[in-house]
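First the structure, in the form of structure tokens, and then the observations on it.
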Amino acid sequence: MSHPYIQRSLSYRFLMLPFRKQIAVARSLNVMTDEDLALSDADLFREIFKRARDAGLLQNFGEEIDRRYDNGEPSDGEEGCKWEAQNR
């Protein structure tokens, strides 16, 4: 999971989500606190990604991101996880 391409892909897909969905992803994995909202967007993302990586949650991070996409576009739907199958 530490391959740089996978991390960049996760980063890109996460950043393409609307802010409220980014927050939903972070909260679903418990890698964000209310105090983190005071950070700049760039610092907030770095902290979220670092915590997910350090906790060994990058696969879960990818799955949570996938749930918020539908047909390649950010979505509110709860679709099945495509990330895991594509990144084995």
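Table for the structure above
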quantity: Scan of region 16-39 for residues that are more than 18 Å from GLY56 (Cα to Cα), in contact with a helix residue (DSSP H, G or I) (Cβ under 7 Å, 6 or more places away or on another chain) and assigned to a helix (DSSP H, G or I), ordered by number; calculated: GLN22, ASP36
quantity: Cβ pairs under 7 Å, 6+ apart, first in region 23-48 and at negative phi, second surrounded by fewer than 15 Cβ atoms within 10 Å (Cβ to Cβ) and in a loop (DSSP other than H, G, I, E, B); calculated: VAL31/ALA55; GLU47/LEU39
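Results for (1) surrounded by fewer than 13 Cβ atoms within 10 Å (Cβ to Cβ); (2) under 15 Å from ARG8 (Cα atoms); (3) among the aliphatic types (A, V, I, L, M), shown as yes or no for each residue.
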residue	(1), (2), (3)
LEU39	no, no, yes
PHE49	no, yes, no
ALA55	no, no, yes
ASN60	no, no, no
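Every number in this text was worked out from the coordinates using simple rules, so none of it is lab data. Every value quoted in this text rests on a predicted model; they were computed, and no experiment measured them. Ideal geometry is used to build each Cβ from the backbone, glycine not excepted, and the neighbour counts take in all protein chains shown.
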